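Everything on this sheet refers to the single structure shown next.
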Amino acid sequence: MKEKLVIIDGSSLLYRAFYAIPTLTDSQGRYTNAVYGFLNMLLKLYEQLNPQYVAVAFDKDKHTFRNDIFDGYKATRKPAPDELRPQFALVREVLSCLGIHILELEGYEGDDIIGTIARQMETENLDISIVTGDRDALQLVDDHVTVHLTKKGITNMLDVTPSVMQEEYGYTPSQVIDMKALMGDTADNIPGVPGVGEKTAFKLIDQFQSVEGVYEHLDDVKGKRLKENLTDNKDKAMLSKNLATIRCDVPIAYTLNMFLPHPREEDVAELFRSLGFKNLLERFAAFDRFSSIEAAVPVQPLVLLTTEQLPPPSLAGRLTAAEAVYVSDVPAPALETLSLAVGEGVLIVPPDRYGEYLTALTTADRVITTDGKRLSKVVSVYTEKQLPLADIILAAYLLDPTRTAYGLAYLSEKFAVPLSETAEDSVRRIAGDAWFAYTVWPKAAAELEEAGLMRLYTDIEIPLIHTLAAMEMNGFTVDRALLMDMSHDLSLEADHLEEEIYEDAGETFNINSTKQLGVILFEKMNLPVIKKTKTGYSTDSAVLEALMDKHLVIGKILRFRALKKLISTYLDGLEPLISRETGRIYTTFNQMVTATGRLSSSDPNLQNIPIRTEQGRKIRSLFVPGEGYDYILSGDYSQIELRLLAHLSQDPTMVDGFLKNQDIHRRTASEVFGIPWEEVTPEQRSHAKAVNFGIIYGISDFGLARNISISRQQAKEYIESYFKRYSTIHGYMDQLVAEAHRTGVTKTMFGRLRNLPEINSTNFTRRSFAERTAMNTPIQGSAADIIKLAMNAVQCELEQRRLKSHLLVQVHDELVLEIPAAEREEVEKILKDKMEHIVTLSVPLIVDLHYGANWEEAK
């Protein structure tokens, strides 16, 4: 088998990685996303190609021999973004530590060096692979050279051989140069022949084989305009071909052995850890060429204790001395394993002793865990007492709420605590994880204190663990019989609509097929085309709504889609989740998912049941009080985000409106449009409402115009008028953005942090999103914190009074309970009092209460 040499176009791939991977920074604030993506790509190459030799080519500087030929070469290219520029030096440092040879030479581009190495190494009996995002490299493809061309992002590649070249592009490698000679290249500012695009160039090269062939047979070229363009621009065509040709005679010295990786083991480990790339370090160490790298940090000794060494009374005695204990209840083969890590080791508790040990743990000062909610459920089986929890995953989430996962490997990197020894069996693995987490907590606590997050952690998030555990165990009763009837009725309605749509169309077709529906609407019915995509006509909801007045079938299609979604997601989707024993659905509340601090719900998502349509509201009617309960009770904050905006900005006009209990949208309309209160029309109030809520999210004039169907100029005038009347809000928003630019973070009124790594990005879209986030997080996040505080307070009060009523669901600004008739008045007072007085603002918090025989009636 031939050995393999991989040559990587470093400049091309680093650019692609930068735009493919969201902004990342290490603990020192260095941008690392491009380097991280580049290394992931490199690892994939090792996994797929297993090369013996690797080299990476870079452009040395901007000026090359091509600039001497044509001073406009690459003149239109924008400079690299500020976040990318330092990563070129960083990736060179990483490659140097990995012992991967870097190729670069003044006066030449990386492509030329790659071409030279590839052509001259063909005599070495090697398989040669070139990895790049630049199609220019396709001219190097031959029987010995494969170009791996990145198609999307950095890891999805097309492996181009001569046969693939013909199938995919329809021309030969050498004709790549001829194509560019004719059509030019805007990215490199290669002129080409004016008026000749890719399709025309392909036809010419397919007919005449080369650019020289074109000019030898100009009389055979069809089209007077094209022939004139070719005749008048022959010099540009030949210049373009020269510029597009990769030089394969670069004077660069090398030997094949230079391309054997020789990593500097200690430097690699130290650099990768400083960059936060520990998982990449472990993956590199898995390959023979890098096996000398010490991927794992030093292991900790692991001591297993027995129940004789640490019986429950002894454990309880320790805990009264305020010693922290780590508790793990994670799945292991054939059993649920409870492990307790204390000062000198780890105890694996047998299932028949759970009650004794968990009861003993309730006397602790602190019980550390990585899954507090699950542990809270386990404890509730044995005792009504709660554990004084400290959840290290929750701590990691508060310190960086933008991550998607908080595994032990991440915790090891973040808190600089080594993972325990690799266990040879499941019991020792669980014990090792327990011991690791036991040692993480002090560092996690220190970071929470330093970041000003400890009060948020202890006062809101830790008590919420118990509240959510109780809500998940309560479940929500669903009327299965009514659900089945509703599914049947809506299915019949959908079938009837389907027949009507076919009748209007004059034929049957797949209504769910975008392509088929597009043909019916825009070709057969000749409705105006609103938007096209790469694959054809767009038929998304926005397009169909824009066509509502063009044909009756549009409304039927929209209703058909809505019915089908309701049936599949909320009827057929809910039925299998109803417990056969209890008749209840048990959702999962996710405490550590959203960056804003809001809770989410899954399996099923009870927060996403539509309420703006009649059919959507019917879904809520399926949720009913369970056996022994009579009503569903709902408490819903009225305009909490606008009230928070008034409080946080201290805008006197908005504060005055809320203190007087005015209709704030009518007040805003009166202010913005400069008209008396009593003259405000419903449409003006609606527009003012859109402005009020839009301001919270940093809405643009374009966004407002689209939302309320007015001109962009009108929307701009609305926003300008709003900020004139509510000038303090404008100043407050500007202050939030300025502070975010200075610190790189934004905060809620309770100290919840959200990192904004792209707040100073040179990319307008990314920077603008970060600025909008800086404006809305303090409001949206504070609202989330307030309802969490209210949930905890309501749960605590219900338990202290030993009431039967209990919480079922939290949906945005709404709390939902099920209650017996005898407790209704008492629980209504509790709910209203706790929700309205959980915090003191400069404007009142108002809660609307509703109750009924099902969730729909209670809204």
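Any read-out appearing in this document is the output of simple, stated calculations on the displayed coordinates, not a laboratory observation. Since the model is a prediction, treat every value here as computed from it, not as a measurement. Note: ideal-geometry Cβ built from the backbone for every residue, glycine included; neighbour counts use all protein chains shown.
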Q. Along the range 191-202, what does the Karplus equation 6.51 cos²θ - 1.76 cosθ + 1.60 (θ = phi - 60°) give for ³J(HN,Hα), rounded to whole Hz, x for Gly and Pro?
A. x, x, 9, x, x, 9, x, 5, 5, 5, 4, 4
Q. For the chain, what's the radius of gyration and Dmax over Cα atoms, in angstrom?
A. 33.0, 102
Q | Taking the convex hull of Cα positions in the range 340-498, its mean projected area over all directions (nm²) | A | 14.9
Q. For Ile585, which sequence-distant residues (separation of 5 or more, or a different chain) have an amide H within less than 5 Å of its own amide H, given hydrogens modelled in the peptide plane?
A. Phe476, Thr477, Val478, Ser579
Q | the chain, dipole about Cα centre (Lys/Arg Cβ +1, Asp/Glu Cβ -1), debye to the nearest 20 | A | 1520
Q) Leu808's amide H: which non-local residues (gap 5+, or another chain) put their own amide H closer than 5 Å, with H modeled 1.01 Å from N in plane and none for Pro or chain starts? A) Val816, Leu817, Glu818
Q. Got a sec? How would Trp441, Trp855 order by Cβ neighbour count within 10 Å, fewest to most?
A. Trp441, Trp855
**Q.** In order through the range 781-795: 3J(HN,Hα) via Karplus (6.51 cos²θ - 1.76 cosθ + 1.60), integer Hz, x for Gly, Pro
**A.** x, 5, 4, 5, 5, 5, 5, 5, 4, 5, 4, 4, 5, 5, 4
Q) Scaled to the compact-protein estimate 2.2 N^0.38 Å, what is the alpha-carbon radius of gyration of the range 467-547, rounded to two decimal places? A) 1.68
Q) Percentage of Cα-Cα pair distances in the range 23-170 greater than 24 Å, rounded to whole percent? A) 39
Q | Cut-off under 5 Å, modelled amide H: who pairs with Leu103 long-range | A | Val56, Ala57, Phe58
(Q) Bin width 10 Å, origin at 0, all Cα-Cα pairs of the range 152-199: what percent of pairs per bin? (A) 24, 38, 35, 3
Q: Counting only C-alpha contacts under 8 Å and six or more residues apart, can you give the relative contact order of the range 479-573 as a whole percent?
A: 35
**Q.** Exceeding the 29 Å Cα-Cα cut-off - candidates Lys203/Lys234; Lys62/Lys278; Lys74/Lys278
**A.** Lys62/Lys278; Lys74/Lys278
Q) Local charge sum around Phe764 (other residues, Cβ-Cβ under 15 Å, Lys/Arg +1, Asp/Glu -1)? A) 0
Q | Cross-link partners of Lys2 among lysines (Cα-Cα below 25 Å; sequence separation of 8 or more within a chain) | A | Lys44
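Just need the Rg to Rh number for the range 531-616, please, alpha carbons only, Kirkwood Rh.
That ratio equals 1.10.
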(Q) Nearest 10 degrees is fine. How inclined is helix 640-649 to the longest principal axis of the chain, computing both from alpha carbons? (A) 80
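Can you give the helix-only mean residue ellipticity at 222 nm for the chain, where every DSSP H stretch with n ≥ 4 adds -39500 (n - 2.57) and the sum goes over all residues, rounded to the nearest 500 deg cm²/dmol?
Using -39500 (n - 2.57) per qualifying helix, the result is -14500 deg cm²/dmol.
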Q.
If you build the convex hull over the alpha carbons only and average its shadow over all orientations, what do you get for the range 657-725? Give it in nm² to one decimal.
A. 4.4
Q) Counting Lys and Arg as +1 and Asp and Glu as -1, what is the net charge of the other residues whose Cβ lies under 11 Å from the Cβ of Arg666? A) -1
Q. Hey, what do the phi angles of the range 585-597 turn into as Karplus ³J(HN,Hα) couplings, whole Hz, using 6.51/-1.76/1.60 and θ = phi - 60°, x for Gly and Pro?
A. 9, 10, 7, 10, 9, 9, 8, 10, 10, 7, 6, 7, x
Q) With the radius of gyration and the Kirkwood radius both derived from the Cα set of the range 673-772, what is their ratio Rg to Rh? A) 1.04
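Looking at the range 661-722, which trypsin sites (Lys or Arg not before Pro) are in a loop (DSSP not H, G, I, E or B) and have at most 15 other Cβ atoms within 10 Å?
Passing both the DSSP loop test and the Cβ count: no residue.
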Q | Links that overshoot a 29 Å alpha carbon limit, given the list Lys565/Lys747; Lys689/Lys747; Lys151/Lys532; Lys564/Lys832; Lys385/Lys804 | A | Lys565/Lys747; Lys564/Lys832
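I need Trp435, Trp677 ordered by Cβ neighbour count within 10 Å, fewest first.
Trp677, Trp435
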